[in-house]
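Visitor: Once you've had a glance at the structure underneath, I'll fire off some questions.
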Amino acid sequence: KVKSLFRNNGCTDYMLSLKPLIQNNVQNSPSKQELLKLYAQYEKIRKGEPAPTPVLKDAQGKEYSFKDFRGKVIVVDVWATWCCVCLEKMPEFMQLRDEFANNKNVLFLTVSIDRKNVRDKWLKTIELHHMNGMLNLMPDCDEQSAFETEYHIPSVPRHIIIDPEGKIVDAYAPMSLEKLKELIQNTLKQ
């Protein structure tokens, strides 16, 4: 159950508050070691931590990393071509992108977790769903990517927000359009 909580929500403040209890009161065992390993992994993507910067490629094969966009609030939609919910929610993400179109301090982009063997399908999906006008990226690999590993992406869709200094605002940002918008606005004010 704890694995599921980490996977779906990250290392929340509540989860972090339990860590000392586990460290100090749970007898040493493989289960305890597994829990502490989960803490070590998920604490790296908590609010305020430096955002991991794996290399991703755009449709033309140009390489990017989140560090290339320092100085901007980065709003990421993580998706895949096989994810119906992702494609269903993409118009909302693009609507939000359009609302911030005049704000040069915000960058909206997508990261697909598709494998490189379906690159053509990825490109067709971008075109079919009118996702042009924003940066669309994907890892260039045949297996789980560094992006998926570092951000602990077991499923999609998911939103990530990174602040202008390259620190994580929320690696499990809200899927609700209004809540996501509010989080972006609050990040811009800081």
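Visitor: Scan the range 142-160 and give yes if some residue there is surrounded by fewer than 19 Cβ atoms within 10 Å (Cβ to Cβ) and more than 19 Å from the chain's Cα centre (by Cα), otherwise no.
Guide: Looking for residues that are surrounded by fewer than 19 Cβ atoms within 10 Å (Cβ to Cβ) and more than 19 Å from the chain's Cα centre (by Cα), one finds at least one in the range 142-160, hence yes.
Visitor: Go through the range 6-28 and report how many residues are of a type in the set (Phe, Trp, Tyr) and at pLDDT 95 or above. Reasoning before the result, please.
Guide: Taking the range 6-28 and keeping what is of a type in the set (Phe, Trp, Tyr), we get 6, 14.
This time we only want the ones that are at pLDDT 95 or above, so: none.
Residues meeting the conditions: 0.
Visitor: Step by step: first the residues of the range 45-90, then only those that are without any contact (Cβ under 8 Å) to a residue 40 or more places away in the chain and either charged (D, E, K, R) or touching a Gly at 6+ places or on another chain (Cβ under 8 Å) (or both), then the one that is farthest from Ile160 (Cα to Cα). Which residue is that?
Guide: Lys62
Visitor: Can you pull out the residues in the range 8-25 that are open to solvent by less than 100 Å² (accessible area, probe 1.4 Å) and either part of a helix (DSSP H, G or I) or touching a Gly at 6+ places or on another chain (Cβ under 9 Å) (or both)?
Guide: Scanning the range 8-25 gives Asn8, Asn9, Met15, Leu16, Ser17, Leu18, Lys19, Pro20, Leu21, Ile22, Gln23.
Visitor: Note down all Cβ pairs under 7 Å where the first residue falls in the range 134-157 and is under 17 Å from Val118 (Cα atoms), the second is open to solvent by 70 Å² or more (accessible area, probe 1.4 Å), and they're at least six residues apart or on different chains.
Guide: Asp140/Lys116; Cys141/Lys116; Asp142/Lys116; Asp142/Asn117
Visitor: Tell me which residues, restricted to the range 26-54, are within 24 Å of Asp68 (Cα to Cα), assigned to a helix (DSSP H, G or I), open to solvent by less than 50 Å² (accessible area, probe 1.4 Å) and not hydroxyl-bearing (Ser, Thr, Tyr).
Guide: Glu43, Ile45
Visitor: From (1) open to solvent by less than 40 Å² (accessible area, probe 1.4 Å); (2) at pLDDT below 95, pick out the condition that doesn't hold for Gln60.
Guide: Only one criterion in (1) open to solvent by less than 40 Å² (accessible area, probe 1.4 Å); (2) at pLDDT below 95 is unmet by Gln60, namely (1).
The values are calculated or read from the model by the stated rules, or taken from the named source; none is laboratory data. Just so it is clear, the structure is predicted and the values come from calculations on it, not from any experiment. Please note: Cβ atoms are built from the backbone with ideal geometry, for glycine as well, and neighbour counts cover all protein chains shown. We work out accessible area using only protein heavy atoms, side chains counted, and drop any ligands, DNA or RNA first. Shrake-Rupley method; radii C 1.70, N 1.55, O 1.52, S 1.80 Å.
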